[in-house]
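All remarks here apply to the structure that follows.
Read-outs: derived from the displayed coordinates by stated rules, not from any lab. Because the structure is predicted, anything quoted here is derived from the model rather than measured. Every residue, glycine among them, receives a Cβ derived from its backbone with ideal geometry; neighbour counts consider all protein chains shown.
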Ligand code: ZN
């Protein structure tokens, strides 16, 4: 038997569910991030209030990405679009235009100290290194920019975004201490490695491991035979211990360099993309921990 009190309670519960409807799952603010690492940072700040779509997914190469018609649709439905900037996503302007999106545009790297370098293939041409997220200090700036942009787009979520950003920044502080402690254990004369493209300049500047790469700051330029020969000579001369593969680039060239130079393969580093949930780096925190663990293992044993 259902008593009158029980049925009133059930009716009240139903009314509460109906009333909560518009503020529930369907009402999350739709936002877009250009690539998986940035999407993870946005998720951490947005929490329950936002639904984040990444255009370039796990293990994808955002330098050389070709947007699809589905991406234009995703952008059109978004309220905010987050890009890394610094020339990382050369395709984003055209895509935004094609999608006719009215989303607010946010450059997540705004305010970081940019790393400039000369393009080896075009002497005199200065390039900006876009891989700013490889320094945890920069990731904290990204988080602050993301927080401010979400508050602007959704003022009702201000306190939630502030609390999420604070909690996540505390995790980044812990991560930063871990990275420094791990690098400190590597003997100074061993802190130099080879990777496929020049994605770790900010990591190098922040933590003091030197990275040498046959490819420049973008994966779009092919290394020349002379670049490869130069690196093999450098490995031998400087007794560089390890060559690291990257999850977004073809590993054949690096394997050849390792073979010809006598350096060992140290493992795989995650440079420009996370892995899927089953891989070694489904989040930014996992990615940085994985990379520093791989470096420490290869350079201390
Ligand atoms: Zn890159």
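Computed over the Cα atoms of the range 136-206, what is the ratio Rg over Rh, Rh following Kirkwood? Please list the in-between numbers first.
Numbers: Rg = 16.5 Å, Rh = 14.4 Å.
That ratio is 1.14, to two decimals.
Counting only alpha carbon atoms, the long axis of helix 252-261 and the longest principal axis of the chain meet at about 30°.
Helix 136-153 axis versus longest C-alpha principal axis of the chain: approximately 30°, rounded to the nearest ten. For 133, 91, the sequence from fewest to most other C-beta atoms within 10 Å is 91, 133. Kindly express, to the nearest 10 degrees and within the range 0 to 90, the angle between helix 225-238's C-alpha long axis and the longest C-alpha principal axis of the chain. Result, in degrees: 80. Taking every Cα-Cα distance in the chain and sorting them into 10 Å bins from zero, the calculated P(r) comes out as 6, 25, 31, 20, 10, 5, 3, 1, 0 percent. Sorting 117, 288, 29 from the fewest to the most surrounding beta carbons within 10 angstrom yields 117, 29, 288.
Computed from the C-beta positions of residue 226 and residue 180 and an R0 of 25 Å, the FRET efficiency is 0.10 to the nearest 0.05. The eigenvalues of the Cα gyration tensor, multiplied by 5 and square-rooted, give the range 184-300 an equivalent ellipsoid with semi-axes of 21, 17, 13 Å from largest to smallest. Per-residue Cβ neighbour counts within 10 Å put 92, 194 in the sequence 92, 194, beginning with the fewest. Roughly what percent of Cα-Cα pairs across the range 91-149 reach past 16 Å? That tail contains 59 percent of the Cα-Cα pairs.
Would you please calculate the Kirkwood hydrodynamic radius of the range 23-177 over all C-alpha pairs and express it in Å, rounded to one decimal? Intermediate results must be reported in sequence, preceding the final value.
Details: mean 1/r = 0.0618 Å⁻¹.
About 16.2 Å, per the Kirkwood formula over Cα pairs.
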